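Data first, discussion second: the structure below is written as structure tokens.
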Amino acid sequence: MTSDEVSQTALWHAATLMAGYSEADYAAWLPRELPLSAKLAVPLLDMPAAAQPRLSFLIAAPAVTPALETTLRSACWDSRSIEIVLALPADVTFEGAAYGNVRRVALPAEESATANAALAAAAGEFVAFLSPGDVLRAGACAFIIGRLLAAPTLNMAYASEDWIDADGRRCLPRFKPEWDPFAQLAFDLPGRLCIMRREQVTALGGLRPAFAPADHYDLHLRLGTHVPESTIARWPEIVCHRAIPAQSDAATVEHCVARYADAAQRAASAHLGRPVTASPLATFINRPHFARPEEALRVTILVPTRDRVELLQNCLSGLLQRTDYPALDILILDNESREPATLAYFAELAADPRVEVLRVPGPFNYSAINNTGVRAARGDILVFMNNDVEVITPGWLAEMVAVVCRPEVGCVGAKLLYGDGRVQHAGVSLEPGPLAMHVHRLRGSEELGSNAELAGLARCSAVTAACLAVRRDVFDEVGGFDEHKLRIAYNDIDLCLKVEDSGRSNVCVAYEPLFHLEGASRHTQADPVKIAQDRREMNAFRNRWRERFDADPVAHPNIRRDWDLPDRLVAFKAF
């Protein structure tokens, strides 16, 4: 198998495991998909070719096959702004006249040089790699040129994708978020189709054969962190259908996945200068091991509570006995506990120097309680935690600390699971409505997420304070929680958005999940006063951040999240 075939087989296998939507859901949505021509805002046909950006599609193939011919037909467009550079062996006969502006170059004998041979011959201002069998959607060429023309400073753009079989049946869509350097470390976010400015690609040396068959992942990783993030665009539309590879036996698939995973881990490790291993959930998803301070920073975990001693005992048992972190202290923020069992437990905890109970009397005000706790905390890193959270694995805190210590990071959250194992939280997305939705809520604990969010790292607008880590200096800089207008709800999302406005990213770590018995410690009540309070806080939050609900980087215009249903069961929304 060629390196490209190994990559296609591995990525097809990954797509089957990352499927976010059933075949029936996708088939029902496809008739409502708008044609790309409907999105073309620039009348290209009336514009001189010299005024249009020039794009080179780059294809390397060992032979002329029906799959290659399908790709060539889809990429033909009657315009001088598009060329196809096709690298073929010198002894292969090819009649290119039927395919428009195709320029053939000799395919080097060494497989490692094949795709770079097409790159070296490209004349376009922008380049995009295609594999034999890939199919561009009708209108894709005009759509791409129109988008490039509308954003002249772009260095990199990528689109959503799906897969297509030889009979033209489409499946396994992957609707992608905005550019996310953390997600890219875990899995190749741009995938196909990725449009790149040629001078930037050549400056980086093009594809690096040493990282084949993950050399495209390696290039996207390097380019995405080499150019300003403002010059990277996510096009939410599906522009290219990836070719489903020929069926292989299990041993062949396993071999291809292993080769791809090894190459991707080596590429990410070379980029970071740090070890990178496989995610616990999938070998083809990377787990970077970020540098940690030589001397462990002190962490204070703040746990608000009011009675419900059985929850608190379970929470602290995990923190004190099953958490592997050397510099940890716990500050219990007691909001008027009265039950004898709770008070007896507090007296028992007095013997542990790692634990302190701070009395914070008065009506329940989550923001004020935690702000009071921060003023008494000793830690350089603060972890806000609900009393109904339970530790699963010992390395959860060390993992969060390693991420939150990065200077570009603000708040860090954890993947949280309900007691039955389903996902409760993997980041917060702000959706039109406006609504604040938990990403991939109700997915299974072993699911990967359609963009590897449930098995790797992902940037998000906010994370829940059921388990939220932040450096103390960052918390102080943004003014902490709003204890006046957001006393009970939305205060954690508000904090995260303030941190994001300070120029830092909020990140969710999925490698080390915890259990969260959401709502166990505070019951919903049909109290008119509480309902009115919640409505006031909701309105205050929405009014403060209204513009964010229409521009969340995780949200996708084809996906509508629903609190009571998994994403996969919610009907698609047309653009």
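According to the square roots a ≥ b ≥ c of the eigenvalues of the Cα gyration tensor, what is the shape class of region 428-545, taking rounded for a/c under 1.5, prolate for a/b larger than b/c otherwise, and oblate for the remainder?
Oblate shape, in that a/c is at least 1.5 and b/c is the bigger or equal ratio.
In angstroms, what radius of gyration and Dmax does region 85-134 have, counting Cα atoms only?
Considering region 85-134 through its Cα atoms, Rg and Dmax are 11.0, 30 Å.
Let me know the number of lysine pairs in the chain closer than 29 Å at the Cα, not counting same-chain pairs under 8 apart.
Step by step, the pairs that qualify in the chain add up to 12.
Between 0 and 90 degrees, rounded to the nearest ten: what's the tilt of helix 340-349 against the longest Cα principal axis of the chain?
70 degrees
For CYS460, list long-range residues whose amide hydrogen, built 1.01 Å from N in the peptide plane, is under 5 Å from its own amide hydrogen.
The list, which skips near neighbours in sequence, is ASN506, VAL507, CYS508.
Of THR372, ALA344, ALA278, whose Cα points farthest to the positive end of the dipole of the chain (charges on the beta-carbon: +1 Lys, Arg; -1 Asp, Glu; origin at the Cα centre)?
In the chain, that residue is THR372.
Determine by what factor the alpha-carbon radius of gyration of region 245-358 differs from 2.2 N^0.38 Å, reporting the quotient.
Details: Rg = 22.7 Å, N = 114, 2.2 N^0.38 = 13.3 Å.
Scaled against compact globular proteins, the figure is 1.71.
Scan (i) 96, 64, 31; (ii) 79, 69, 42; (iii) 88, 45, 41 for the value of Cα extents along the principal axes in Å calculated from this model and give just the label.
Matching the structure shown: (iii).
On a 0 to 90° scale, report how tilted helix 366-376 is relative to the longest principal axis of the chain, with both axes built from alpha carbons and the result rounded to the nearest 10.
80 degrees
Using the Kirkwood formula on the Cα atoms of region 465-507, what hydrodynamic radius do you get, in angstrom to one decimal? Walk me through the numbers on the way to the answer.
Values: mean 1/r = 0.0942 Å⁻¹.
Kirkwood hydrodynamic radius for region 465-507: 10.6 Å.
Give me the percent of DSSP beta bridges within the chain that run antiparallel, rounded to the nearest 5.
Percent antiparallel among DSSP bridges in the chain is about 45.
As an exercise, identify the chymotrypsin sites (Phe, Trp or Tyr not before Pro) in region 163-193 lying in DSSP coil whose Cβ has no more than 12 other Cβ atoms within 10 Å.
The qualifying sites: there are none.
Any idea what the relative contact order of region 82-205 is, in percent, if you count C-alpha pairs under 8 Å spaced at least 6 apart?
This gives 24 percent for region 82-205.
Longest segment of the chain with no GluC sites (Glu not before Pro) in a DSSP loop having at most 13 other Cβ atoms within 10 Å?
After excluding every exposed loop site, the longest remaining stretch is 111-293.
In degrees, nearest 10, range 0 to 90: what is the angle between the Cα axis of helix 250-272 and the longest Cα principal axis of the chain?
Helix 250-272 and the main axis of the chain meet at about 70 degrees.
Hey, what do the phi angles of region 447-460 turn into as Karplus ³J(HN,Hα) couplings, whole Hz, using 6.51/-1.76/1.60 and θ = phi - 60°, x for Gly and Pro?
Couplings: 5, 9, x, 5, 10, 6, 5, 8, 10, x, 10, 7, 7, 8 Hz.
From the backbone phi of region 528-535, what are the Karplus-calculated ³J(HN,Hα) couplings (6.51 cos²θ - 1.76 cosθ + 1.60, θ = phi - 60°) in whole Hz, Gly and Pro given as x?
Values, residue by residue: x, 5, 5, 5, 5, 4, 4, 5 Hz.
Choose one of ILE144, ALA159, GLN184: the residue whose Cα lies farthest towards the positive end of the charge dipole of region 138-197 (beta-carbon charges +1 Lys, Arg; -1 Asp, Glu; about the Cα centre).
Working it through, the farthest residue towards the positive pole turns out to be ILE144.
Which of the three applies to region 145-255, rounded, prolate or oblate, going by the alpha-carbon gyration tensor with a ≥ b ≥ c and a/c under 1.5 meaning rounded?
oblate
With a 1.4 Å probe and all protein chains left in place, how much of the accessible area of the chain comes from carbon and sulfur atoms, in whole percent? Please report the intermediate quantities before stating the final value.
Numbers: 12170 of 22840 Å².
Heavy-atom surface of the chain belonging to carbon and sulfur, 1.4 Å probe: 53 percent.
To the nearest 20 debye, what charge dipole does region 283-367 have about its Cα centre, counting +1 at the Cβ of each Lys and Arg and -1 at the Cβ of each Asp and Glu?
260 debye
Taking only protein heavy atoms and a 1.4 Å probe, what accessible area per residue, in Å², does the chain have with all protein chains in place?
40 Å²
Mind checking the dipole of the chain: about its Cα centre, +1 per Lys or Arg Cβ, -1 per Asp or Glu Cβ, Debye to the nearest 20?
Working: 58 positive and 72 negative charges, 215 e Å.
About 1040 debye.
For region 345-467, report the translational diffusion coefficient in µm²/s to the nearest whole number, using Stokes-Einstein at 10 °C, 1.306 mPa s, and a Kirkwood Rh over Cα pairs.
This corresponds to a translational diffusion coefficient of 95 µm²/s.
The values are calculated or read from the model by the stated rules, or taken from the named source; none is laboratory data. Since the model is a prediction, treat every value here as computed from it, not as a measurement. Glycine gets a Cβ as well: all are built from the backbone with ideal geometry, and neighbour counts include every protein chain shown. Accessible surface is based on the protein model in full, side chains and every heavy atom, while ligands, DNA and RNA are left aside. Shrake-Rupley method; radii C 1.70, N 1.55, O 1.52, S 1.80 Å.
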